[in-house]
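S.K.: Attaching a single structure in structure tokens format; questions to follow.
What follows is calculated from the coordinates using simple rules that are stated; it is not laboratory data. Treat the numbers as computed from the prediction; the structure is a model and nothing was measured. So basically every Cβ, Gly included, is an ideal-geometry build from the backbone, and we count neighbours across all protein chains shown.
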Amino acid sequence: MEDVSKLQAALRGLCPRCRQGKIFKRPFYSPRGFDEMYEHCPHCGLRYEVEPGYFIGAMYVSYAISGGVALVLGFLIFYLGHDPDGWVYAGIVAPVMIIIAPINFRISRVLWLHYVAGIKYVKGL
């Protein structure tokens with residue numbers, strides 16, 4: 001059993017308590033079910049959704065990620081495209097937001113569980 005850091009566990013989508021069980025059932029690129037989470041950690045049994053509405057806070061994380069990506073894209077379009085018309089911004093940023101939605105969904109939930117929820121790592125579980 002290898003010792004996994006908090007960052008490695010978050011990047012791999014592993015349970016914040018045991019850092020071994022997966023959080024999501026399928027990979028993010030699966031055509032269906034990218035959002036399906038295990039109710040409990042398959043390794044240690046931690047219930048991921050502690051209470052109803054628990055992941056509403058992850059929406060704020062998702063909003064921050066989307067805003068950051070849109071801001072960076074906006075600056076890139078501005079500087080590389082020499083300040084094109086508004087439709088160019090919308091035509092690039094909107095599809096990118098749709099494409100990254102499954103990744104953003106997962107990242108925000110994993111970050112919420114690992115860094116905001118206060119779930120402590122228990123070594124040896």
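S.K.: Can I get the semi-axes of segment 6-116's equivalent ellipsoid? Compute them from the C-alpha gyration tensor as square roots of 5 times the eigenvalues, in angstrom, largest first.
M.R.: On the way: eigenvalues 214, 35, 29 Å².
Largest first, segment 6-116 gives 33, 13, 12 Å.
S.K.: About its Cα centre, how strong a charge dipole does segment 1-77 have in debye, to the nearest 20, once Lys and Arg get +1 and Asp and Glu get -1 at the Cβ?
M.R.: 160
S.K.: For Cα pairs less than 8 Å apart in space and 6+ apart in sequence, what is the mean separation divided by the residue count of segment 39-125, i.e. the relative contact order in percent?
M.R.: With pairs under 8 Å counted, the relative contact order is 36 percent.
S.K.: Also, quick follow-up: Kindly provide the helix-only [θ] at 222 nm of the chain, computed as the sum of -39,500 (n - 2.57) over DSSP H runs of four or more divided by all residues, to the nearest 500 deg cm²/dmol?
M.R.: -16000 deg cm²/dmol
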